[in-house]
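Scroll down for the structure; my scribbles are underneath it.
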Amino acid sequence: NKAGKTTLLQLLSGITEPSSGKLRVEGDIIQVFAQGDILGDLTGREYIYLHGTALGKSKHMVAEHEEQIIAFSEIQTIDTPVKFYSTGMRTRLAISVALHLPADIYVLDEVFSGSDIFFKEKVIRYLQQILTGKTLIIVSHHEDIIRSFCKRLILLENGLIKWMAPLMK
């Protein structure tokens, strides 16, 4: 905690501007932060469009991927307000939206909190399919996820890199 992980990801995602120095990110970026940004009065379908456009995608592009998003999330009550969704359902929806919209870089911040093991495994399999030629930056306390995807590990402490090393597969 307070290591600077989320701040770093917010900088990379363009949510926060650096207080000094410069940061250059090349490519289209999609960020998936820990669930909690879902507005309760929206239906799941309305949330898909709100979240997709907030990620910088057009309504037309979101519409092209809508059915894939719904199917992947496995939410049968997509037209019900999300305030009636469980934490797990909200997590499924947020992750499904972000991962089904095209990007060059995916930034994931503790996205599996509140997610069940079956959905976590499904997301891991899906990421393995879509990541060819793309970049994944992930913050996680799940060692299995880190080892599944990462070639390099960076340990932050108080906003500074304390340790960095390649991961052995």
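The values are calculated or read from the model by the stated rules, or taken from the named source; none is laboratory data. Everything quoted here is computed from the prediction, not taken from an experiment. Virtual Cβ from ideal backbone geometry, glycine too; neighbours counted across all protein chains shown. Areas reflect the complete protein model, heavy atoms only, side chains present, ligands, DNA and RNA absent. Shrake-Rupley method; radii C 1.70, N 1.55, O 1.52, S 1.80 Å.
Values as computed for the structure displayed
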| quantity | calculated |
| --- | --- |
| Close pairs from the range 1-21: first open to solvent by 70 Å² or more (accessible area, probe 1.4 Å), partner of a type in the set (V, I, T), Cβ under 7 Å, at least 6 apart | T7/T16 |
| The range 130-160: number of residues that are modelled with pLDDT of 85 or more, open to solvent by 50 Å² or more (accessible area, probe 1.4 Å) and out of contact with any strand residue (DSSP E or B) (no Cβ under 6 Å at 6 or more places or on another chain) | 3 |
| Flag if I105 is at pLDDT 90 or above, among the aliphatic types (A, V, I, L, M), surrounded by fewer than 18 Cβ atoms within 10 Å (Cβ to Cβ) and touching a strand residue (DSSP E or B) at 6+ places or on another chain (Cβ under 8 Å) | yes |
| Candidate set from the range 55-81 (those that are under 27 Å from L12 (Cβ atoms) and hydrophobic (A, V, I, L, M, F, W, C)); member that is surrounded by the fewest Cβ atoms within 10 Å (Cβ to Cβ) | M61 |
| Matching entry among K83, K59 (being of a type in the set (D, E, K, R), modelled with pLDDT under 95, more than 30 Å from D144 (Cβ to Cβ) and touching a Gly at 6+ places or on another chain (Cβ under 9 Å)) | K83 |
| Flag if R90 is at negative phi, surrounded by 15 or more Cβ atoms within 10 Å (Cβ to Cβ), assigned to a helix (DSSP H, G or I) and over 12 Å from the mean Cα position of the chain (by Cα) | yes |
| The range 51-67 residues that are within 15 Å of L93 (Cβ to Cβ), paired with ones that are open to solvent by 50 Å² or more (accessible area, probe 1.4 Å) and modelled with pLDDT of 95 or more (beta carbon under 6 Å, 6 or more apart) | V62/Y49 |
| The lone exception for F112 - which of (1) open to solvent by less than 20 Å² (accessible area, probe 1.4 Å); (2) aromatic (F, W, Y); (3) closer than 22 Å to G27 by Cα it fails | (3) |
| Any chance R45 is under 24 Å from D116 (Cα atoms), open to solvent by less than 50 Å² (accessible area, probe 1.4 Å), among the charged types (D, E, K, R) and not in a loop (DSSP other than H, G, I, E, B) | no |
